[in-house]
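Structure record follows, encoded as structure tokens.
The values are calculated or read from the model by the stated rules, or taken from the named source; none is laboratory data. Everything numeric here is computed off the predicted structure, so don't read it as measured data. Here the Cβ positions follow ideal geometry from the backbone for every residue, glycine too, while neighbour counts run over all protein chains shown.
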């Protein structure tokens, strides 16, 4: 991620009317928020009664299948659909020659660089044609019957080779995706000259896939000139904007719905070609159309966390003071302009250092394009930075924890020394080490058998505070029940539960009396995409503001009816309670509310605090076991200490942390895209050959340690981001633990059994 850029393009609403709640006092001790309460939709998700988009079946619905290019780089010379058109159940076929399908997809300075169905396919899996039929099987059979003639072209699938002279050009302008992004402060040459110890190494992290449990897909239906899309998306409002631009329609004519989601991790932060193809079929046939990708298709065309090559040089004084950091990043963008998923942010801001220079270069290759994946760029940066910190500590004969504690910032150096609202990095490291039993565990590392144990740690931060724009409506009904109306998608993280808890905290209404409407552009209010660890810190203050507006009006009505000052009343357990004597009147018994029938509060997110920045910090600790005969690495336990502000819901908090660590575990020891350099094809595009961690790989001992510094400035709920920080330092902590166990450092990931054995053999161990 280029320094200073947001997680994704901000296309959100401006400042809407409504309360911001900026003057609300900070919560003290809370009765609902912060309690380990079950998810409000837990039964539906666990029982299978929740209706995901893939579960939908509309009357007369057709099913679509997409014909994909099998080559890494090829031109389509001819597409013959005559056989497919005659097959049973086939209702429509689309190719690049279909007039309605002449839709530009990627644009450059000189106009479109690609189309919905492009004659030049630049990676395996690119869309060539599509078929709609009565059943999924008929559509798939017909897609296989489409005959395509290709001119196969030279390709390049290694981003380092793509920069070499004579490499096949992926795009007409060459293989560099833009100019290098450079950040600099101070004088790095002088900084290295002042150092007592210098470490310089090159690190590699692999390309990894999102592989969310729910694959990508849409159900689309036209009603005259109105378009409805049920989509597997992380944000319905920005998808509506994209569809409006593609089809040149007013926003009011498009409805996007996503009531249940099975994960996205960033791969569902943009409209998919499958959605647009389904919309074309639906308009052609006047019937609803469903297109879902297969698991194998998602590996080829649903995005990835790109590989990183990181050269990093670091200098330090004998007392542990960092003097200089210099880094060069490069990584593959894929075949098309994509999210810039390189990020040197932590090198520039995590530790105090006066002299820093970083450079980032994205590169085109003949492969599926990069998409943001849970803290894009940050885990790779941690892999290099945190291993370097351990090496510096070893050179100084200093404990890795002590070295980090000597370089704690209290201001954002990258943002011209703007103070943080709170910075809990020191507490994360110190309290995490204490909880882990760091000193004792380090003394007990290694062992003398073929199974060695080791401990490691790594710190991190997330560099974005979210898009400060969200609108929420809270309605209190005459019977004392509540309707919460918000636009945010719950992508499996428990968003609905957290927001309902905020309403319950403010209005004193039990969770079971709160109904939630969400993620529907026709019935709910604007919210940003669920990504970048922003939804709780952006939407919860808007929810609180809306609930507080209802609360103020309700107390005013009650005060007049009970002949009491509003200040002498409070809301508790579904009733208005007099603070002096505890007398209670159920909300539903208030005559004035019965006469009004409805109280409405509109809340919006206040701007970020002026002159300060609110960012989360993390430190994670891991103990591993390495079998030097088999090369297997097993993580035995982990401790994760997070300064993510207030832990709104301890259960969802813990789930986020464990899930983030599991993704970092995959990056560390097992996950990698493998491409055949002779054909340019992905050879492990399936869950059998692509090794994601399972329940047997995740440590059974995991401790989540919230570091709550009672941040009253970040927003009115005191919450900061958690989803991204939970995965940022995980792989680096494991790598440091493996090195501690067997005395060998792994600069290239993942640390597979084969790589462990090969490295030990090369070292003569």
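Whether any residue in segment 671-679 is farther than 19 Å from residue 208 by Cα, in a strand (DSSP E or B) and modelled with pLDDT of 95 or more is what I want to check. Scanning segment 671-679, I find no residue that is farther than 19 Å from residue 208 by Cα, in a strand (DSSP E or B) and modelled with pLDDT of 95 or more, so the answer is no. If the condition is being exposed (fewer than 15 other Cβ atoms within 10 Å of the Cβ) and in a loop (DSSP other than H, G, I, E, B), then segment 130-147 contributes only 135. Among the numbered conditions (1) out of contact with any helix residue (DSSP H, G or I) (no Cβ under 9 Å at 6 or more places or on another chain); (2) in contact (Cβ under 8 Å) with a residue 60 or more places away in the chain; (3) farther than 23 Å from residue 271 by Cα, the only one that residue 137 does not meet is (2).
In segment 302-335, what residues are surrounded by fewer than 22 Cβ atoms within 10 Å (Cβ to Cβ) and out of contact with any helix residue (DSSP H, G or I) (no Cβ under 6 Å at 6 or more places or on another chain)? Result: 309, 311, 313, 317, 318, 319, 321, 328. If the condition is being farther than 24 Å from residue 259 by Cβ, assigned to a loop (DSSP other than H, G, I, E, B) and touching a helix residue (DSSP H, G or I) at 6+ places or on another chain (Cβ under 6 Å), then segment 34-71 contributes only 36.
For segment 344-360, state whether one or more residues are part of a strand (DSSP E or B), closer than 30 Å to residue 67 by Cβ and assigned by TED's automatic domain parsing to the domain that holds residue 686.
First, the residues of segment 344-360 that are part of a strand (DSSP E or B): 356-360.
This time we only want the ones that are closer than 30 Å to residue 67 by Cβ, so: none.
No, segment 344-360 has no match at all.
Considering segment 680-702, and only residues there that are surrounded by 16 or more Cβ atoms within 10 Å (Cβ to Cβ) and part of a strand (DSSP E or B), the residue that is nearest to the chain's Cα centre (by Cα) turns out to be 702. Only one of the listed residues (183, 150) is modelled with pLDDT of 95 or more, outside any loop (DSSP other than H, G, I, E, B) and not assigned by TED's automatic domain parsing to the domain that holds residue 84. That residue is 183. Of all residues in segment 323-343, those being in a loop (DSSP other than H, G, I, E, B) and in contact with a strand residue (DSSP E or B) (Cβ under 7 Å, 6 or more places away or on another chain) number 6. Filtering segment 650-670 for residues that are modelled with pLDDT under 95, over 20 Å from residue 435 (Cα atoms) and assigned to a loop (DSSP other than H, G, I, E, B) leaves an empty set.
Scanning segment 193-225 for residues that are more than 30 Å from residue 132 (Cβ to Cβ), over 32 Å from the mean Cα position of the chain (by Cα) and in a loop (DSSP other than H, G, I, E, B) yields 194, 195, 196. Across segment 72-94, the qualifying residues are those that are in contact with a helix residue (DSSP H, G or I) (Cβ under 7 Å, 6 or more places away or on another chain) and not in a loop (DSSP other than H, G, I, E, B), and the one among them that is nearest to residue 157 (Cα to Cα) is 94.
Evaluating residue 515 against the criteria (1) in contact with a helix residue (DSSP H, G or I) (Cβ under 8 Å, 6 or more places away or on another chain); (2) modelled with pLDDT of 95 or more leaves one unmet condition, (1). The condition (being surrounded by 21 or more Cβ atoms within 10 Å (Cβ to Cβ), farther than 30 Å from residue 323 by Cβ, more than 28 Å from the chain's Cα centre (by Cα) and not assigned by TED's automatic domain parsing to the domain that holds residue 335) is satisfied by just one residue among 117, 177: 117. Does any residue of segment 587-601 turn out to be outside the structural domain of residue 487 (by TED's automatic domain parsing), surrounded by 19 or more Cβ atoms within 10 Å (Cβ to Cβ) and part of a loop (DSSP other than H, G, I, E, B)? No, the conditions are met nowhere in segment 587-601. Within the bounds of segment 246-255, is there any residue that is closer than 30 Å to residue 415 by Cα, at pLDDT 95 or above and in contact with a helix residue (DSSP H, G or I) (Cβ under 8 Å, 6 or more places away or on another chain)? No: segment 246-255 contains no residue that is closer than 30 Å to residue 415 by Cα, at pLDDT 95 or above and in contact with a helix residue (DSSP H, G or I) (Cβ under 8 Å, 6 or more places away or on another chain).
Taken together, the residues in segment 153-168 that are in contact (Cβ under 8 Å) with a residue 24 or more places away in the chain and assigned to a loop (DSSP other than H, G, I, E, B) amount to 9.
Okay, residues lined up against (1) in contact (Cβ under 8 Å) with a residue 12 or more places away in the chain; (2) surrounded by 24 or more Cβ atoms within 10 Å (Cβ to Cβ); (3) within 20 Å of the chain's Cα centre (by Cα):
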residue	(1), (2), (3)
628	yes, no, no
636	yes, no, no
642	yes, yes, yes
658	yes, no, yes
662	yes, no, yes
668	yes, yes, yes
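If the condition is being more than 27 Å from the chain's Cα centre (by Cα) and over 15 Å from residue 203 (Cβ atoms), then segment 709-743 contributes 740, 741, 742, 743.
Taking the condition modelled with pLDDT of 95 or more, surrounded by 21 or more Cβ atoms within 10 Å (Cβ to Cβ) and within 18 Å of residue 280 (Cα to Cα), does residue 74 pass? Judged against the criteria, residue 74 is not a match.
How do the helices (runs of 4 or more DSSP H) wholly within segment 395-509 filter down when requiring 1 or more residues that are surrounded by 21 or more Cβ atoms within 10 Å (Cβ to Cβ), under 27 Å from the mean Cα position of the chain (by Cα) and in contact (Cβ under 8 Å) with a residue 12 or more places away in the chain: which remain?
Because the criterion is at least 1 residues that are surrounded by 21 or more Cβ atoms within 10 Å (Cβ to Cβ), under 27 Å from the mean Cα position of the chain (by Cα) and in contact (Cβ under 8 Å) with a residue 12 or more places away in the chain, the helices (runs of 4 or more DSSP H) in segment 395-509 that meet it are 400-405, 425-436, 495-507.
Restricting attention to segment 226-258 and to residues that are in a loop (DSSP other than H, G, I, E, B) and crowded, with 20+ Cβ neighbours inside 10 Å, the residue that is farthest from the chain's Cα centre (by Cα) turns out to be 258.
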